[in-house]
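Heads up, the thing below is written out as structure tokens.
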């Protein structure tokens, strides 16, 4: 099993990681860092691949927003729901948003799209994206790698318990995800309460129609 996994990851691991980081990323990147500690992948190769996946991903979303932003707002309601909040973040933090967009939960893809819809300079976004993608790739790759390093100080033979350690690592990542969902649900309580009061009062919400 060890040899099969090593051979499989050597052939396909970096392509899978590239696609994963192009689309989303932290969980898969942390696991890849741990696999690099175990010798299945190379840590420099993991960082290199994650950097390019993250960089090209945000460049794609930025120019997708620049060319098709209005259509995306009409086609995907989740982008429309986050549009105003994303604009407030851009107005409040300015250039810094372009750097931290990949670290913002729930706005990883939306922020580059909306930045592309604004007058934010493409070249400036590119340079900020390079710095952000590099920092992101290093931080989360080394998180998984150092997790394995820390486990080796506690467990004599990490390879013997690697499946259990991967489950532990996946569990830790899942806890962080669930904490984000719980926090988001908690913040929306006042909105749900208002909607329930309106429903109890017999007030119906109807979409407004404007003549163009």
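All of the numbers you see were taken from the coordinates with simple rules; none came from a lab. Not measured: the values here are computed from a predicted model. Counting neighbours? That spans all protein chains shown, and the Cβs are built from the backbone with ideal geometry, glycine included.
Here are some notes:
- Directionally averaged shadow of the range 2-157, computed from the convex hull of its alpha-carbon atoms, nm²: 10.3
- Fewest-first sequence of 48, 140, 78 by Cβ atoms within 10 Å of each Cβ: 78, 48, 140
- Centre separation in Å (Cα based) which lies between the range 53-77 and the range 100-154: 17
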